[in-house]
Amino acid sequence: MSILIVAEHDNASLKAATLNTVTAASEIGGDIHILVAGSDCQAAADAAASVAGVSKVLVADNAAYGHQLAENLAPLVAEVAGDYSHVLAPATTSGKNLMPRVAALLDVDQVSDIIAVVSADTFKRPIYAGNVIATVKNEEAIKVITVRGAAFDASAAEGGSAEQTNVGAAHDAGISSFVGEEVAKSDRPELTAAKVVVSGGRGMQNGDNFALLEAIADKVGGAVGASRAAVDAGFVPNDMQVGQTGKIVAPELYVAVGISGAIQHLAGMKDSKVIVAINKDEDAPIFQVADYGLVADLFEALPELSEQL
Amino acid sequence: MKVLVTVKRVVDYNVKVRAKSDGTGPELGNVKMSINPFCEIAVEEAVRLKEAGVATEVVIVSVGDKSCQEQIRSALALGADRGIHVEAEGSLQPLAIAKLLEAVVDREEPELIIMGKQSIDGDNNQTGQMLAALTGRPQGTFASKLDIADGKAQVIREIDGGLQTVSLALPAIVTTDLRLNEPRYASLPNIMKAKRKPLDTLTASELGVDTVSKVTLVSAEPPATRQAGIKVASVSELVEKLKNEAKVI
Ligand SMILES: Cc1cc2nc3c(=O)[nH]c(=O)nc-3n(C[C@H](O)[C@H](O)[C@H](O)COP(=O)(O)OP(=O)(O)OC[C@H]3O[C@@H](n4cnc5c(N)ncnc54)[C@H](O)[C@@H]3O)c2cc1C
Ligand SMILES: Nc1ncnc2c1ncn2[C@@H]1O[C@H](COP(=O)(O)O)[C@@H](O)[C@H]1O
C-alpha cells in the first residue's frame, strides 16, 4: 500500500494542515509520498521532504499550478494517483475544491472530512452537522479522502529526508484563471492550529468590539474566531467563521463570547478540550457544551478577564 | 442564457438529527424536510440573473424519490421556470448524483450551472466539483459573488485565508456559499403559479447511469457527549478554574 498526500502550501512553505494529514496517512499505514504542485515551489518541496515519515516527494513545478486552480491540478493528481491505494488531502477549502474533481476523473467516490481511521478501507466522518458520526467503508481501488485537521495531531515537520522526483506534464486546461486574492494578514496563530481560540458572535454588536477579544487572544497567544452571524453582519471577514460550513477547530481552550450555540456553530468547535461560554442569557444552548459558563454581560466581563490574565 | 440549478431535499437545518439506537443510520422518521439552504441560495442567484436580464430560463433539477418534487415546486415558486425530477431511490453517493446530473446537462446544455457548496445532511461538499470534472467545465466553488460578462463568470470565492477571485469561461459551474445572497420568501400567488409550471420526470435507467457505489455506510453513532460543565459566578473564579483545574492557561 502506498499513500499519496496532496500538499497544501503557498510555494514557500507547507501549510500546517498537511502535517495532520500525514498523521492520518500513517494510521492507514504504508509508504507515504507527498505531491507538491505549484510554481517556484522548491522551498515547499524541501519542507515536505523533511516531514517525519515521508519517503518520497513528487514535485510538479509549473506556472499552471501557481494558484492551485482545480481545473489544472486535478488532471495532474489523477495522472499520478494510479500508483497509489489512497490519495489524501486536508479538508481545507483548497482540498475540498480539488479532491472531488480528482475523484470524478478517476471515476471513484470520495470520502470527505474523515475524523478517524478504523482500518485501511474504513473511516469515521461526521454527518448532519456532527450530530451523527458515520462509519463508512470505501472499496474503491483508489481511495480519495479528505482529512479533518482538527481530528489528527500534526506529525513532526522535521526529521525526515525523503527523496524528491519531478513528475507530470503541465496541464493547463485554459478554462479558468486567477484574478486576485484578498488574504487576511494577522500576527496571531492560524485559527485551525491555535491552542486557544476566542470567538465572538452577534452579541459583540460590531467589528470594533472584536478588539476586546483580540486583547484576550494576545495575552494567551490565541486566535480570534467568529460565528456566522458575526460574519454575515459584516463585523469580521469570512475567514474567521467557525462551524459546520466554516472552519473546524479543536483547541485546548475555546472561549465563545456572545454566541448562542446553534448546532451549526457547535459542529465547528465542540471537540475543543475545554470550552468556556460567556453569555448574558443563562438559557443559551452554548452552556450545554461549556465546561465553564459565565452568565454575564460581555462588555463587563471581557475587560475584567483581559486584566486578570 | 439558460441556467440550471440543482436542488436537494434535506432535513431542515433547524432539526437536530440523531443516530438510530440500533446504529444503522440517522433517525429520519417524521422530520421536517426542506430545500438544502445552499441550494436555496443557488435558486435565488439564478432568479436574480433572470430579473437582471442575464438569464433567459431557470431550470431546476433534483435527484431523489418522488417526494423531492415538493422541493422542485418550492424552487419554482421562488421564480424558476420549469423543473426536472430525476427519479432515484435510496441514498446515492455524490459521484452517482453527478453522473445523473451530467446526463441532464448533456440534454439541456445550460451555459451556467449553480449548485449548493454542500448538502447539510451528508456534508459531502463534492457534487459540484465532480460534475465540473465530468463535463470538463471550470468550477467556481464557495461563491460569495458572481458576475456574468463577456462570456465569462467572475466568481469571488470564500477560501480559508480570505477571498479569491477567479474568472471562468462559460459554460461554468458555480457552487454557493451563504453570503452570496439572502433568498426571498415565496408569495402565495407564486406558490399557486408554481403548481402549473412544467415538471418532467426522468429515471436513472433512461439516462443510462449506473448508481451503485463502492462507498457504503457501515454504522452510525452519536458523537461523544461532553461532561456537563459548571457555571462560574465571576471572572476571577473563571480565571482560577482555567489556571488550576483545567490548566489551559
Ligand atoms: C446552512 C447553514 C450553515 C450555517 N453554518 C454556520 C457555521 O458554520 N457557523 C456558525 O457559527 N453559524 C452557522 N450558521 C448560522 C447558525 O444557524 C446561527 O444563526 C449562528 O451561529 C448564530 O450566531 P450567534 O450565536 O453569533 O448569534 P445569535 O444566535 O443571535 O446569538 C447571539 C448571542 O449573544 C448573546 N448576547 C447578546 N448581547 C450580549 C452581551 N452584551 N453580553 C453577553 N451575551 C450577549 C445573546 O444572549 C445570544 O445568545 C449556519 C446556518 C445555516 C442555515
Ligand atoms: N440529490 C440531489 N439532487 C439535486 N442536487 C443535488 C443532489 N445532491 C447534491 N446536489 C447538489 O450538490 C450540492 C452539493 O452536495 P454534496 O456534494 O452532497 O455536499 C448540493 O447543494 C446540491 O446543489
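The values are calculated or read from the model by the stated rules, or taken from the named source; none is laboratory data. All figures in this text were calculated on a predicted structure; none of them were measured in a lab. Please note: Cβ atoms are built from the backbone with ideal geometry, for glycine as well, and neighbour counts cover all protein chains shown.
Here is a list: A:Asn238, A:Asn279. Which entry is touching a Leu at 6+ places or on another chain (Cβ under 8 Å) and surrounded by 24 or more Cβ atoms within 10 Å (Cβ to Cβ)? The unique qualifying residue is A:Asn279. Scanning segment B:14-52 for residues that are away from every other protein chain (no Cβ under 14 Å), surrounded by fewer than 21 Cβ atoms within 10 Å (Cβ to Cβ) and among the acidic types (Asp, Glu) yields a single hit, B:Glu51. Restricting A:Asn72, A:Asn62 to residues that are surrounded by 22 or more Cβ atoms within 10 Å (Cβ to Cβ), modelled with pLDDT of 95 or more and not small (Gly, Ala, Ser) narrows the list to A:Asn72. Looking at segment A:109-156, the strands (runs of 3 or more DSSP E) lying wholly inside it that each contain 1 or more residues that are buried (at least 18 other Cβ atoms within 10 Å of the Cβ) and at positive phi sit at A:110-114. Within segment B:2-13, the set of residues being facing chain A (nearest Cβ under 9 Å) and either assigned to a strand (DSSP E or B) or away from ligand 1 (no atom under 15 Å from the Cβ) (or both) comprises B:Val11 only.
Do you know which residues across segment B:204-230 are in contact (Cβ under 8 Å) with a residue 40 or more places away in the chain and under 26 Å from A:Ala290 (Cβ atoms)? Of everything in segment B:204-230, those that are in contact (Cβ under 8 Å) with a residue 40 or more places away in the chain and under 26 Å from A:Ala290 (Cβ atoms) turn out to be B:Glu221, B:Pro222. Among the residues of segment B:19-38, just one is more than 16 Å from ligand 2 (Cβ to nearest atom), over 25 Å from A:Lys124 (Cβ atoms) and modelled with pLDDT of 95 or more, namely B:Lys32.
Determine, yes or no, whether B:Lys16 is part of a loop (DSSP other than H, G, I, E, B), over 18 Å from B:Asn125 (Cα atoms) and more than 9 Å from ligand 2 (Cβ to nearest atom). So B:Lys16 fits the description; yes. Counting the residues of segment B:119-152 that are within 16 Å of ligand 1 (Cβ to nearest atom) and under 21 Å from B:Arg48 (Cβ atoms) gives 5.
Quick grid of which residues meet (1) facing chain B (nearest Cβ under 8 Å); (2) farther than 21 Å from A:Ala173 by Cβ; (3) touching a Phe, Trp or Tyr at 6+ places or on another chain (Cβ under 9 Å):
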{"position": "A:Lys56", "(1), (2), (3)": "no, yes, no"}
{"position": "A:Val59", "(1), (2), (3)": "no, no, no"}
{"position": "A:Ile115", "(1), (2), (3)": "no, yes, yes"}
{"position": "A:Asp121", "(1), (2), (3)": "no, yes, no"}
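Just one of the listed residues (A:Ala129, A:Ala151, A:Ala103) is of a type in the set (Gly, Ala, Ser) and either farther than 27 Å from B:Gln139 by Cβ or more than 8 Å from every other protein chain (Cβ to nearest Cβ) (or both), and it is A:Ala151. Looking only at segment B:99-121, decide whether some residue is within 9 Å of chain A (Cβ to nearest Cβ) and small (Gly, Ala, Ser). Within segment B:99-121 (the criterion being within 9 Å of chain A (Cβ to nearest Cβ) and small (Gly, Ala, Ser)), the answer is no, since none of the residues qualifies.
Among the residues of segment B:40-56, just one is within 16 Å of B:Ile120 (Cα to Cα) and either among the aromatic types (Phe, Trp, Tyr) or more than 10 Å from ligand 1 (Cβ to nearest atom) (or both), namely B:Ala42. Do the conditions hold for A:Val179, that is, is it within 11 Å of chain B (Cβ to nearest Cβ) and either in a loop (DSSP other than H, G, I, E, B) or surrounded by fewer than 24 Cβ atoms within 10 Å (Cβ to Cβ) (or both)? Criteria met by A:Val179. A single entry from A:Glu190, A:Glu163, A:Glu182, A:Glu158 fulfils the requirement of being under 19 Å from A:Val22 (Cβ atoms) and at pLDDT below 95: A:Glu190.
Tell me which residues, restricted to segment A:239-277, are away from ligand 1 (no atom under 12 Å from the Cβ), of a type in the set (Val, Ile, Thr) and under 17 Å from A:Ala151 (Cα atoms). Of everything in segment A:239-277, those that are away from ligand 1 (no atom under 12 Å from the Cβ), of a type in the set (Val, Ile, Thr) and under 17 Å from A:Ala151 (Cα atoms) turn out to be A:Val274, A:Ile275. Test A:Asp297 against the stated conditions and say whether it is within 10 Å of A:Val257 (Cα to Cα) and more than 26 Å from the chain's Cα centre (by Cα). Here the answer is yes, as A:Asp297 does meet what is asked.
At least 3 residues being within 12 Å of chain A (Cβ to nearest Cβ) is the threshold, and among the helices (runs of 4 or more DSSP H) wholly inside segment B:157-249 those reaching it are B:235-244. For segment B:189-246, give me each residue that is small (Gly, Ala, Ser) and farther than 30 Å from B:Val86 by Cβ. The answer is B:Ala224, B:Ala228, B:Gly229, B:Ala233, B:Ser234, B:Ser236, B:Ala246. Evaluation of A:Met204 against the conditions (1) within 11 Å of chain B (Cβ to nearest Cβ); (2) touching a Gly at 6+ places or on another chain (Cβ under 6 Å); (3) touching a residue at least 60 places away in the same chain (Cβ under 8 Å) shows that the sole unmet condition is (1).
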